[in-house]
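Rule-based calculations on the coordinates, nothing more; no lab input. This structure is a prediction, so every number in the text was calculated from the model and none was measured. Please note: Cβ atoms are built from the backbone with ideal geometry, for glycine as well, and neighbour counts cover all protein chains shown.
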């Protein structure tokens, strides 16, 4: 079974500083990994997925199979990035896929 | 843009009472999910649903829980006899498919408080 660890419950940075939200996973086989975000008073939404190799809102995440990590990075944090971030790999669930969630990291970007 | 909706936003109930949490998935979606998050804990998968039947359920989803898609639009989660530990935020999600690129779209959640 896939498990994820997000070691930091809270990460506080100043605006313009680089930010890295850590995610480590344990999985046998080729992992699929997603990052979900929840802004204040908004719903959970997909931020990015590793298979797309995309950059969304300046965030990127590289899958490092050697370190079993999928850290989320942004070179210059903005105040509007303040939110709860979840690393959430999908796992097969019958005909569906269920998301397995980390504890989440609360990112606070200070002015 | 279509969204998943959930009602009510907050439900307060007495222990032992039945509650029904309602969700309206995005209309062309075929796969449906319930998750819950107890305060301060991880989001946890409860159940997935496809083609009018449960695809998988977690060990949390015991006989007190049931899901239904009664009319082709609503997707409900029923808790027959609520316990204090059922207090949590319950999220409904839907997706058009279940492949790698099929994103699960989440509702805003229902906060259930069991007294």
- prompt: Hey, how many Å between the Cα centroid of segment A:1-45 and the Cα centroid of segment A:50-99?
  reply: 6 Å
query: Exposure proxy check: B:62, B:86 ranked by fewest other beta carbons within 10 Å?
result: B:62, B:86
Gap separating the Cα centres of segment B:61-115 and segment B:43-59, nearest whole Å: 9 Å
field: Efficiency of FRET between residue B:113 and residue A:3 - r from beta-carbon atoms, R0 35 angstrom, step 0.05
entry: 0.75
- prompt: GNM on chain B, C-alpha springs below 10 Å: top fluctuator among B:39, B:84, B:21?
  reply: B:39
message: If I take all pairs of Cα atoms in the protein assembly as shown, what percentage of them are more than 27 Å from each other?
response: 34 percent
task: Per residue, how big is the convex hull around the C-alpha atoms of chain A? Give it to me in cubic angstrom, could you?
output: 100 Å³
message: Checking the a/c ratio against 1.5 first, then a/b against b/c, what shape does the Cα gyration tensor give for segment A:62-111?
response: oblate
task: Calculate I(q)/I(0) for segment B:2-84 by the Debye formula, one identical point scatterer on each C-alpha and no solvent, and give its log10 at q = 0.14, 0.15, 0.26 Å⁻¹ to two decimals.
output: -0.49, -0.56, -1.54
message: Checking the a/c ratio against 1.5 first, then a/b against b/c, what shape does the Cα gyration tensor give for segment B:38-77?
response: prolate
- prompt: For the protein assembly as shown, what proportion of DSSP beta bridges, expressed in % and rounded to the nearest 5, is antiparallel?
  reply: 85 percent
- request: List the residues of segment A:9-26 whose backbone N lies under 19 Å from a point placed 7 Å from the Cα of residue A:110 along the Cα-to-Cβ direction.
  value: A:9-21
- line: In whole percents, the bins of 10 Å from zero upward hold the Cα-Cα pairs of segment A:13-66 as 19, 48, 29, 4
Residue with peak Gaussian network fluctuation, chain A [Cα springs, cutoff 10 Å], from A:16, A:66, A:58: A:66
message: Treating only the Cα positions of segment B:62-114 as identical point scatterers, give the base-10 log of I(q)/I(0) from the Debye formula at each q in 0.16, 0.18, 0.21 Å⁻¹.
response: -0.62, -0.75, -0.93
